[in-house]
Structure formats: C-alpha cells, structure tokens
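**Q** One structure coming up, written as structure tokens, with questions to follow.
The values are calculated or read from the model by the stated rules, or taken from the named source; none is laboratory data. If you're wondering where the values come from, they're calculated on a predicted model, not measured in any experiment. Note: ideal-geometry Cβ built from the backbone for every residue, glycine included; neighbour counts use all protein chains shown.
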Amino acid sequence: MTISSDRGLPGLAYPEASLHDIAVELTTSYEGVFNAETVQRYVLESYTALVRTSSVKSHLVTQTARFAKERLTALAQAQGSLMKDRPEVLFVCEHNAGRSQLAAALTAKLSKGSVHVRSAGSLPRSEIDPVVRTVADEFGLDLSTEFPKPLTDDIVQAADVVITMGCGDACPIYPSKRYIDWDLDDPSGASLEQARRIRDQIAMQVEALLAEFAERQPSADR
C-alpha cells in the first residue's frame, strides 16, 4: 500500500495507512530535531518490532505511536537535542511482562513524577502477565495502557541508570552509564502470593533507589 505525500512526506509503502499520519505528526513535533526520513524510519521500525509479538492487533497502531515517540525522545536526549529535567531510569528484564513493568510503575508512583522511567525487554512477550496486572492493581498501579516493548539502543543511551532484572547479557553496555542488577524472581506465571512478595521486594528496592536520588539532590537552601 503506497500512501501519497499529501502532507509533506515522501510516498512510502506503509503496512497501515494510519502509520503515515503518525509519521506526519511526529515530524511536526520533532521539527528542527529530526528530519522526516529519520522519523519515518523510527515509526516503521517501531511498528515492525511490535508486530512480531503483539497479540492485540487492534491496539498496534496506538502502541506504535507511543513507542516511536518514546524512542525519538530518548534519541534526542542522548544526542543532547532535548535536555532532561529529572533523572532517567530504565528497567530491563527478559520479557518486559513482569518485573520491569512493576518496577517502572512503582518508581513513577513513589517518586511522584520526579523520576522519569522507561522499561523494556530483551525478548518481550505479547502481553503483561495477568497476575502481574492483579498485584499492580492491588497497589494502585495502573498498567491498563502498558505493553511489553523491545529493548532498543536509543532507550539505553538516554538512561542515567539502567537496572537489569534477569535479562542476562542482552543489555548494551556503555561506559558512561550506571548499571545496577536487581536479583529478583520473575512474577510471571507465579502464584498470586508469590507475585505479591516479589512486588513488595521491588517496592523496597525502588524506595532505596529514590532515597539515594534524594540524598544526591542539592538542598534548596544551600
């Protein structure tokens, strides 16, 4: 399917017509940061990466828009085109269906937005594990719009701290990044009681991490 260049983008073969609209919108959003060709490539790459594992095709275009925007923002941060106003933490596990999703949601909630979080998986599954959604709901964490995302180089480069959780050697290593490994069991496929225990362990780890960030933050009265 070839989409015409009626909105200022070259005609390309898009697997979904709406991907063209996503590329147009993101090209406008990142004007002066990325050219149209870069944005188009990221949209198509993001769609291709997600379609391999997505089990709900009806949400695929929406997920592609979010994933492509997240990757472009990360790339701009890594290149210094966009400045960061808060610490950036990336949580990585194998499937991005359990530990890393809980850790990201807990960090966002407990930090009250003072830390920006991303999560990814070296071998993402098609959906977040149902028991993980259950224990997240119990803690007031909303994972309803979240989905497993593949680990990409740009996301790693943008992070200040990369926390690995059982992803082995799949995560790219950059000398300037700080890497922390949290040795935790995988709640995916676990019993509800086991998943609750793992969730609470992650919460304790997150609280310790946030306390460390707070100690490093200069006092306002200094």
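Table: residues versus (1) among the β-branched types (Val, Ile, Thr); (2) closer than 15 Å to Ala108 by Cα; (3) within 15 Å of the chain's Cα centre (by Cα).
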{"position": "Asp137", "(1), (2), (3)": "no, yes, no"}
{"position": "Gln157", "(1), (2), (3)": "no, no, yes"}
{"position": "Asp160", "(1), (2), (3)": "no, no, yes"}
{"position": "Ile163", "(1), (2), (3)": "yes, yes, yes"}
{"position": "Gly166", "(1), (2), (3)": "no, no, no"}
{"position": "Tyr174", "(1), (2), (3)": "no, no, no"}
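**Q** Still on this structure, I have one more. With Ile163, Ile173, Ile180 as the choices, which residue is in a loop (DSSP other than H, G, I, E, B) and of a type in the set (A, V, I, L, M)?
**A** Ile173
**Q** Consider only pairs whose beta carbons are under 7 Å apart and that are at least six residues apart or on different chains; among these, list those whose first residue lies in the stretch 91-117 and is outside the structural domain of Thr53 (by TED's automatic domain parsing) and whose second residue is assigned to a loop (DSSP other than H, G, I, E, B) and β-branched (Val, Ile, Thr).
**A** Matching pairs, first to second residue: Ala97/Ile128; Gln101/Ile128; Thr107/Val115.
**Q** Just give me the residues in the stretch 129-147 being small (Gly, Ala, Ser) and assigned to a loop (DSSP other than H, G, I, E, B), in sequence order.
**A** Within the stretch 129-147, Gly140, Ser144 meet the criteria.
**Q** Can you tell which of Ala208, Ala190 is among the hydrophobic types (A, V, I, L, M, F, W, C) and exposed (fewer than 14 other Cβ atoms within 10 Å of the Cβ)?
**A** Just a single option satisfies the conditions, and that option is Ala208.
**Q** Now for a separate question. Please count how many residues of the stretch 65-79 are of a type outside the set (A, V, I, L, M) and either touching an Asp or Glu at 6+ places or on another chain (Cβ under 8 Å) or buried (at least 20 other Cβ atoms within 10 Å of the Cβ) (or both).
**A** 4
**Q** When you go through (1) buried (at least 17 other Cβ atoms within 10 Å of the Cβ); (2) in contact with a helix residue (DSSP H, G or I) (Cβ under 7 Å, 6 or more places away or on another chain); (3) hydroxyl-bearing (Ser, Thr, Tyr) one by one for Thr134, which number turns out not to apply?
**A** Checking Thr134 against (1) buried (at least 17 other Cβ atoms within 10 Å of the Cβ); (2) in contact with a helix residue (DSSP H, G or I) (Cβ under 7 Å, 6 or more places away or on another chain); (3) hydroxyl-bearing (Ser, Thr, Tyr), the one that fails is (1).
**Q** Something else: Mind listing whichever residues of the stretch 125-172 are free of Cβ contacts under 8 Å to residues at least 40 places away in the same chain, of a type outside the set (Gly, Ala, Ser) and farther than 25 Å from Ala68 by Cβ?
**A** Residues satisfying the conditions are Pro130, Asp137, Asp169.
**Q** Sticking with this one: Answer with yes or no whether Val162 is in contact with a Cys (Cβ under 7 Å, 6 or more places away or on another chain) and of a type in the set (Val, Ile, Thr).
**A** Answer is yes for this residue.
**Q** When you go through Ser55, Ser126 one by one, which is the residue that is closer than 17 Å to Ser144 by Cα, part of a loop (DSSP other than H, G, I, E, B) and not assigned by TED's automatic domain parsing to the domain that holds Arg196?
**A** Answer to the check: Ser55.
**Q** Still on this structure, I have one more. Residues that are basic (Lys, Arg), within 30 Å of Asp200 (Cβ to Cβ) and without any contact (Cβ under 8 Å) to a residue 24 or more places away in the chain: does the stretch 61-75 have at least one?
**A** yes
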